[in-house]
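In what follows, a structure is listed as structure tokens, so that the remarks can point back to it.
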């Protein structure tokens with residue numbers, strides 16, 4: 001005996017009843033729209049945490065908007081139906097002729113000027129969990145908050161496609177890279193059509209905490225103006241405060257009171273010397289101080305950095321901050337010394353052109369992204385010109401080589417490595433590591449004017465640092481949707 005699957009568990013008996021159900025199913029298919037994949041007839045609604053938007057969407061196709069009338073779907077499950085659908089699960093519909101309902105668009109940085117790679121884009125089916133802060137073991141094997149019903153990753157052009165999405169009005173959309181997360185509301189999603197999101201302001205990451213979640217960043221001031229680069233990326237200037245302020249970027253004063261423009265910034269050396277302070281932050285950015293000062297003058301900074309990274313922290317270290325890892329004059333954590341072959345300072349034979357390592361998935365993605373950026377960046381002609389896999393940037397020549405299985409080179413020049421990443425703890429298997437450090441021998445530049453090519457490369461790497469940690473030899477994959 002056949003039963004009605006997924007839409008309930010009532011049994012069907014007799015040839016006339018079976019014929020009636022079959023004819024009902026054929027009528028629904030002929031209309032071009034069928035029932036969703038889960039049981040029940042409960043209609044889903046949108047939910048909170050959204051940022052409304054009324055523009056930037058082009059709908060097309062021949063589908064109709066709204067909930068399909070209840071109809072049969074057959075299975076051979078001896079009368080047992082699937083659990084009833086809830087919320088937006090109930091608004092997914094089957095289309096005729098091989099069509100599907102999709103949402104497409106491009107993810108942009110908070111400034112809305114450069115597209116972003118490897119952002120998670122999804123339709124949540126429940127309210128999002130609050131975002132926590134501090135060093136946590138965030139691996140890519142985890143699923144996204146809100147029980148997503150459709151998920152995708154943005155590609156090297158920033159583009160994404162969500163398939164088999166719910167239809168109707170006020171559909172929530174989440175865009176996320178690590179602890180950057182923004183939820184917006186799509187006014188209408190049309191069935192059995194491509195629904196194009198064309199407004200960059202709708203599909204960018206948040207520029208301030210009123211627009212969504214942002215990582216809590218500690219930035220130590222120096223002479224390499226990373227604090228100006230993050231504002232070019234789109235972080236609002238109001239988010240840069242001292243450690244007691246309400247901003248999401250807490251600035252600490254480096255050597256010589258280099259404070260990133262925050263006059264009340266407290267001492268960076270006291271910050272590095274206090275592990276409990278470091279552990280509060282999702283990301284620590286250390287601007288080059290124009291000399292290799294010992295970091296441990298106010299506490300065990302080197303051991304603290306190792307402990308922070310092993311606990312899942314993220315750290316971006318510019319030029320002379322390589323001595324957190326390379327060590328000199330007895331200042332180092334033994335575990336951090338092993339991540340590379342060092343040539344401090346300037347002994348690694350840097351030269352031009354600078355080349356992107358395309359032998360691993362994210363390195364290839366960086367090269368593809370940089371090439372695409374020449375066409376689509378809204379910064380204009382300052383990001384231009386380099387052949388595929390190359391970029392213009394000055395390199396100091398302090399890293400001889402990465403260590404296979406420990407660190408990954410990204411950019412090289414001559415016989416030197418200009419950019420390198422390391423996942424922690426080193427003693428764990430690659431798939432179990434959850435902390436990440438990046439070491440850059442490339443400076444931001446002057447920080448003035450429009451974004452230049454080497455700054456764009458550092459933007460890519462800043463958002464890569466923000467994202468969930470995975471084995472660099474494995475291509476990124478979106479979290480699985482809930483069906």
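Nothing in this text is a laboratory measurement; each read-out follows from the coordinates by a stated rule. What you see is a predicted model; the values in this text were computed from it and never measured. Backbone-built Cβ (ideal geometry, glycine too); neighbour counts: all protein chains shown.
Can you sort 157, 412 from fewest to most other Cβ atoms within 10 Å of each residue's own Cβ?
157, 412
Sort 102-109, 446-453 for me by packing, meaning the mean count of neighbouring Cβ atoms within 10 Å per residue, highest on top.
Ranked from most to least packed, the peptides come out as 102-109, 446-453.
Classify the range 382-441 as rounded, prolate or oblate, taking a ≥ b ≥ c as the square roots of the eigenvalues of its Cα gyration tensor: rounded when a/c is under 1.5, otherwise prolate if a/b is larger than b/c and oblate if not.
Prolate shape, in that a/c is at least 1.5 and a/b is the bigger ratio.
Using a 7 Å offset from the Cα along the Cα-to-Cβ direction at both residue 432 and residue 400, what is the distance between the two label points in nm, to one decimal?
A separation of 3.1 nm, rounded to one decimal place.
What shape does the range 217-466 have by the C-alpha gyration tensor, where a ≥ b ≥ c are the square roots of the eigenvalues, rounded means a/c under 1.5, and otherwise prolate means a/b greater than b/c and oblate the rest?
Here the range 217-466 falls in the oblate category.
R0 = 35 Å: FRET efficiency of residue 384 with residue 196, Cβ-based, nearest 0.05?
Efficiency, rounded to the nearest 0.05: 0.80.
Can you say what percent of the DSSP beta bridges in the range 217-466, counting only those with both residues inside, are antiparallel? Round to 5.
About 50 percent, rounded to the nearest 5.
Length gain on complete extension for the stretch residue 474 to residue 392, per 0.36 nm per residue less the alpha carbon to alpha carbon distance?
On the way: separation 82, 0.36 × 82 = 29.52 nm, distance 2.78 nm.
So the chain would gain 26.7 nm between residue 474 and residue 392.
What's the center-to-center distance, using Cα atoms, between the range 434-483 and the range 294-354 in Å?
Each part's Cα centre sits 19 Å from the other's.
What is the order of 362, 179, 355, 280, fewest Cβ neighbours within 10 Å to most?
Lowest count first: 280, 355, 179, 362.
Test of understanding: what is the full-extension gain from residue 237 to residue 364, defined as 0.36 nm times their sequence separation minus their Cα-Cα distance?
Numbers: separation 127, 0.36 × 127 = 45.72 nm, distance 3.26 nm.
My answer for the length gained is 42.5 nm.
Rounded to the nearest 0.05, what FRET efficiency do residue 276 and residue 96 give with R0 = 41 Å and r taken as the Cβ-Cβ distance? Could you check?
After rounding, the FRET efficiency stands at 0.10.
Give the order of 250, 255 when sorted by the count of other beta carbons within 10 angstrom, beginning with the fewest.
Lowest count first: 255, 250.
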